[in-house]
Amino acid sequence: MSPLVLSILMSSLALGTVITASSHHWLLAWMGLEINTLAIIPLMAKMHHPRAIEAATKYFITQAAASAVILFSSTTNAWTTGEWDIMNLTSHLSTTTLLMAILMKLGVAPFHFWLPEVLQGIDLTTGLILSTWQKLAPMALLIQVSPNLNPQLLFISGIISTMIGGWGGLNQTQLRKIMAYSSIAHLGWMMAALTISPQLTTLNLIIYIIMTTAMFLTLKMFSSTKISTLSSSWQKTPTLAAMSTLTLLSMGGLPPLTGFMPKWLILQEMTKQSATILATMMALSALLSLFFYIRLTYTMTLTTHPNTTPSTQVWRFSTTQPKLLLMASATASVALLPSTPLLFSILP
């Protein structure tokens, strides 16, 4: 792909997200979501491989269906209220259909079926964009309309997502599918916290983006797409392998790492709101995700050569990938927990 085309597509991605996040009119928000969708599809299909074309087609169909439902719900709301303002969402039909459409765009259960297949068919760089940047615009819409949403639907969707994200990743050997189920589980935590505290949802989204960026850049540095290819990472770059291990454990939510902070605050807020059973179920479902994170750390650190895992040793080419973003995101995904008291003073 030529640098000019790539720069246009990346600029369109940024433009679509900014339009959706800053708009107060439903048609403008819908237009930003469409720009986002259309800009990433050429990035998905740039490998000219049948799997990539299939992934781009599946992504386009699901996103187009979700956009059509968003347009339907906003039109219905405008018909009922006479206004196109995003904050003025009062129709029950519009609220329910809009929530379903945004959950489909994000890949939250039970509308998650497209995400693992799409992420498996594209390369790691596009997978990073799909898992992080493409979540910003729908989440901005969801946070804006969160006071009008049905809390029961959000809680049910959050519990189902955390459980499916944990169960789905247990028997996977492909790293991109594992990251997809990890994304589903993290989005479940955000949905459960949305009606209780939108600020906690924003915090969880930021920390999720930091940890996912660190993990995708690490996998790109290792040129790994399967679990078996991670076993030689310790011999190649022991420092990066150690940081990756801590990043994986942080994604699992273990203290004293950064990933423990949002789970701790969300569970604490749920307990304050007398949702103890829901908090217990989500804490138990986090153990499922923690299992496959620990499985990855075991493969990276404890299966050194000669090993019992049938893996092929890859050539150790020197990489030209910029390391500053990887270093910053990996450090942030490990060492931000001491800033929790500061967040207590900021969050209402």
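The values are calculated or read from the model by the stated rules, or taken from the named source; none is laboratory data. All values derive from a computational prediction rather than experimental measurement. Neighbour counts are summed over all protein chains in view; Cβ atoms, including those assigned to glycine, are modelled from backbone coordinates with ideal geometry. Accessible surface areas use protein heavy atoms only, side chains included; no ligands, DNA or RNA. Shrake-Rupley method; radii C 1.70, N 1.55, O 1.52, S 1.80 Å.
Here are the numbers for the structure shown:
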| item | result |
| --- | --- |
| Cβ pairs under 7 Å, 6+ apart, first in region 217-230 and open to solvent by 40 Å² or more (accessible area, probe 1.4 Å), second basic (Lys, Arg) | THR225/ARG176 |
| Residue in region 101-119 that is open to solvent by 30 Å² or more (accessible area, probe 1.4 Å), hydrophobic (A, V, I, L, M, F, W, C) and outside any helix (DSSP H, G or I) present | yes |
| Residues of region 60-93 satisfying the condition of being in contact (Cβ under 8 Å) with a residue 60 or more places away in the chain and not aliphatic (A, V, I, L, M) | ASP85 |
| Subset tally (residues that are open to solvent by less than 50 Å² (accessible area, probe 1.4 Å) and farther than 19 Å from ALA109 by Cβ) for region 142-154 | 3 |
| Which listed residue is closer than 16 Å to ILE122 by Cβ and part of a helix (DSSP H, G or I), from LEU6, LEU15 | LEU6 |
| Residues of region 280-303 satisfying the condition of being buried (at least 17 other Cβ atoms within 10 Å of the Cβ) and among the aromatic types (Phe, Trp, Tyr) | PHE292, TYR293 |
| Subset of region 96-127 [of a type in the set (Gly, Ala, Ser) and within 13 Å of the chain's Cα centre (by Cα)] | GLY107, ALA109, GLY127 |
| Residue in region 25-58 that is surrounded by the fewest Cβ atoms within 10 Å (Cβ to Cβ), counting only those that are in contact (Cβ under 8 Å) with a residue 60 or more places away in the chain and closer than 27 Å to LEU93 by Cβ | HIS25 |
| Residue satisfying condition, being farther than 20 Å from SER232 by Cβ, outside any loop (DSSP other than H, G, I, E, B), modelled with pLDDT under 90 and aromatic (Phe, Trp, Tyr), within set PHE344, PHE291 | PHE344 |
| LEU246 being among the hydrophobic types (A, V, I, L, M, F, W, C), open to solvent by 20 Å² or more (accessible area, probe 1.4 Å) and either part of a loop (DSSP other than H, G, I, E, B) or in contact with a Cys (Cβ under 8 Å, 6 or more places away or on another chain) (or both) | no |
| Qualifying residue in region 225-235 (condition: at pLDDT 90 or above and among the β-branched types (Val, Ile, Thr)) | no |
